[in-house]
Ligand SMILES: [Zn+2]
Ligand SMILES: [Zn+2]
């Protein structure tokens, strides 16, 4: 509120001259001083109120969330009380929690809410030295990958929208990155841990997703796949066919992908080959779509800070302003994280499908489910 002390001193200084000068002179001076004080107060008031008003107009407040109100487990905006800086939990890629058997039959934060009732077989045949069974953690920086740089010139992928439906079509081959050589060669160091005998093959994918999905009354369980990434490649849940942490135990290529029994190439977690070209200090880009139509974004949350599963809800997502079809919009979205469960762990909206690959025959070991039952386990 300005500096009243300074003005007061000025006034007293002039007052002391009252006995030496004419009274009219002092009155004029007093008038000038009072105008000065008035201007000063106006300037200071504007200085104090302007930034406050601009914050109110640009910053989303919790009361503007139009979707269902967040439950306590969904509160994840860890904003410091004294600043606007976003603080997320740190992810240590040298000691990531092992997600083996962390599946649940209802939505649960940090778990995959799976539709599957059996997990039997498939995946890597032995645990690599990057897994620490004592601490139940694994070291991403020490994990091996499948060799090879195979190009897929026949990869196809298209996205179109009519305003209500977004149509995704492709053949599951990566459009802008190479893959490893599959089946895994016996000369590959990866062969010591994972002898994936499957070859990558072309598939036929077609999805019609809502362009503006809404949150369902209850989250839905996930099947084998959870969505499709903008590289044109499917993303499966965090598990291998044995209900183990697929990202930790299976050996994928340098783009973190591998094929399952029917030749579907897929990721289980973050692919370092996905294009996420967000600017420094900015939220990650959209990198894929979940089967309920909600977007899947990269590793960085608000202000470009890497986000962890701890900062997300039971389905691995959260709500804030994002760029959606070219418009800034406050809406729910999923994030990829470096820690389990890595991607979508239940569907927040109504999924259009729960498993595309289950329509195919030849699932290999693990498929003992009835024809119309839950989708078969992924590899
Ligand atoms: Zn976000
Ligand atoms: Zn897999």
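Laboratory data are not the source of any read-out in this text; all were calculated from the coordinates shown. Predicted model only: the values in this text are computed from it and were never measured. With ideal geometry, Cβ positions are generated from the backbone for all residues, glycine too; neighbour counts draw on all protein chains shown.
Restricting everything to alpha-carbon atoms, can you work out Rg to Rh for segment 276-318 with a Kirkwood hydrodynamic radius?
My calculation of the ratio gives 0.97.
Taking one equal scatterer on every alpha-carbon of segment 78-379, how large is log10 of I(q)/I(0) by Debye at q = 0.11, 0.13, 0.14 1/Å?
Result of the Debye calculation: -0.61, -0.87, -1.03.
Going by how many other Cβ atoms sit within 10 Å of their own, how do 255, 346 line up, fewest first?
255, 346
Multiply the residue gap between residue 165 and residue 149 by 0.36 nm, knock off their C-alpha separation, and tell me the result in nm, one decimal place.
Answer, rounded to one decimal: 2.2 nm.
Return the Rg/Rh value of segment 135-279, two decimal places, where both radii are evaluated on C-alpha atoms and Rh is the Kirkwood radius.
Computed over Cα atoms, the ratio is 0.99.
Express in whole angstrom the spacing between the alpha-carbon centres of segment 228-280 and segment 127-170.
2
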